[in-house]
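Here is the structure we will look at.
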């Protein structure tokens, strides 16, 4: 049985993603209040695997998680893309007539702005977790409160669904990374299964330094799927670049990294893994 550390409660989208990625396997969840706690659990016990959100098609990148990933020393072993669909739910004895406020994570509230605008009678209240909001309302019998969460969470905590699929944009997906202690990732996938990599590097503060790296990627036919820059604290106007690439040849990828290395500072491969090329149904 694998032990998976996630941010959030049972029924959260991290929970759904963990069961989706490890479908058919017995897993035990460690539910953490913060992403920092996810990485701390991995540090304390190398056998623990982590699953963390890294970007959303609407809200964008989770920038802090990039820093946590780099600083933790963990390795990316896989990715999973999940369609995010929200519902609004309340206690079984409540209804539209009795609900006065709705609780959820700020990102979930943002993704349902259109729905909330059509219900000005509802006071939106920020909380730490989507599923945690449903859990709190159910356990504390908070009459007049509603939660925005996954339908799975609503059903798990015995809540009544008032309306489903209330997100503004149906093309709402989150990409999660599966992270593990270096050496442990080999138990989650084999080298022959890898066709994607995540790298991080900094560049000399010189004209054309980034374009040279991009030219080499193009020369070796490495597909750049994402580039994210974050400022280096204490070094004004200098940045760390987080890059995701997809490749057809592991040999060509290694040659590309060797060619890029002299042009960069502190280049590190965060992980090589199998990309999730699925297109979940809208």
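For this structure, a couple of remarks:
- Calculated mean residue ellipticity, 222 nm, the chain: -8000 deg cm²/dmol, from DSSP H runs (n ≥ 4) at -39500 (n - 2.57) each, averaged per residue and rounded to 500.
- Inter-site label distance for residue 212 and residue 3 at 7 Å from Cα along Cβ, in nm: 4.6 nm
- Likely footprinting exposure, 39, 136, fewest C-beta neighbours within 10 Å first: 136, 39
- Only beta bridges with both residues in region 51-202 are counted; by DSSP, about 75 percent of them are antiparallel.
- Taking label points 7 Å from Cα along the Cα-to-Cβ direction, residue 251 and residue 95 give a separation of 7.1 nm.
- Beta bridges by DSSP in region 87-164, antiparallel share as percent, to the nearest 5: 55 percent
- The length gained by stretching the chain between residue 27 and residue 170 to full extension, at 0.36 nm per residue less their Cα-Cα distance, is 48.5 nm.
- Remark: relative contact order (region 193-273) = 51 percent; criterion is Cα-Cα distance under 8 angstrom and separation of 6 or more residues.
- Relative contact order (%) - region 1-150, alpha-carbon pairs under 8 angstrom, separation at least six: 26 percent
- Once the mean of 1/r is taken over each pair of separate Cα atoms and inverted, region 65-110 shows a Kirkwood hydrodynamic radius of 14.8 Å.
- Of all DSSP beta bridges in the chain, antiparallel share, percent nearest 5: 75 percent
- Contact order normalised by residue count of the chain, Cα under 8 Å, 6+ apart, percent: 23 percent
- For the chain, the pair-distance distribution built from all alpha carbon pairs, in bins 5 Å wide starting at 0, is 1, 5, 12, 15, 15, 14, 12, 10, 7, 4, 3, 1, 0, 0 percent.
- For region 172-241, diffusion coefficient by Stokes-Einstein and Kirkwood Rh (Cα), 37 °C, 0.692 mPa s, µm²/s: 218 µm²/s
- q = 0.27 Å⁻¹, region 87-164: log10 I(q)/I(0) [Debye, one scatterer per Cα]: -1.41
Read-outs throughout are calculated quantities, based only on the coordinates presented, and are distinct from any laboratory measurement. These numbers come from a predicted model, not from an experiment. Here Cβ is always computed from backbone atoms with ideal geometry, including for glycine, and neighbour counts include all displayed protein chains.
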